[in-house]
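The values are calculated or read from the model by the stated rules, or taken from the named source; none is laboratory data. Quick caveat: nothing in here was measured; it's all calculated off a predicted structure. We place every Cβ from the backbone using ideal geometry, glycine too, and count neighbours over all the protein chains shown.
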Amino acid sequence: MVSEEQFIRLFVSYESELRGFARSLMPDPAAADDLIQEACISMWRKCDTLKEKASFRSWAYSYVRLTALNMRRKQQRSPLIFTEKMLEVLSDEWRELGDFSEAKTNALAVCLEGLSDKQRNLLAIYYSSERTTIRQMSESLERPMEGIRKALGRIRAILKVCIEDKLKAEGYAK
């Protein structure tokens, strides 16, 4: 069983994904925000029914989808609300997209581990929260700008091939 604290941590970690899913189901951004609020309240009330953290994502998607259906039934007169069938199709598509996104993130993590320490360090510097420029990197590393640019390009190419291979191995054909 998932504790209330674990529920909050899980919800926060998936909130942006769930919000995107809600926006795919509701034509109006404000309605999507209402949907997330209502779904969150329902999930909070039932968090003791969630058996393990690993199933949170699909559990939460189900609550958002069911909440959207309930909201749709209440607002059935509005011409902008999707039919139940359309909500089902969008829900399935979004879930598949979320699975693919998660698979890409996992593949990236594995591929990053395959890089040398020097390559990972170069990426870490470039993609840091300060978004260091190649010029700044050139000065701090005392390396030519073109060399850094080419090294980053090669690393990106290596990661691209690695990620595509990992995804293909998992059944995500390109």
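For the reader, a short list of remarks on this structure follows.
- Single condition SER116 does not satisfy, out of (1) under 21 Å from ALA157 (Cα atoms); (2) surrounded by 17 or more Cβ atoms within 10 Å (Cβ to Cβ); (3) at pLDDT 90 or above: (2)
- Single match in GLU142, GLU130 (criterion: at pLDDT below 90 and acidic (Asp, Glu)): GLU130
- Residue identified as in contact (Cβ under 8 Å) with a residue 24 or more places away in the chain and either of a type outside the set (D, E, K, R) or farther than 30 Å from LEU25 by Cβ (or both) among ILE125, ILE158, ILE134: ILE158
- Residues (under 14 Å from GLY98 (Cβ atoms), free of Cβ contacts under 8 Å to residues at least 12 places away in the same chain and either surrounded by 17 or more Cβ atoms within 10 Å (Cβ to Cβ) or of a type in the set (Lys, Arg) (or both)) located in the range 1-49: ARG23
- Restricting GLY153, GLY171, GLY147 to residues that are out of contact with any Phe, Trp or Tyr (no Cβ under 9 Å at 6 or more places or on another chain), loosely packed, with under 12 Cβ neighbours inside 10 Å and part of a helix (DSSP H, G or I) narrows the list to GLY153.
- Residues being within 27 Å of GLU170 (Cα to Cα) and without any contact (Cβ under 8 Å) to a residue 24 or more places away in the chain - total across the range 137-155: 2
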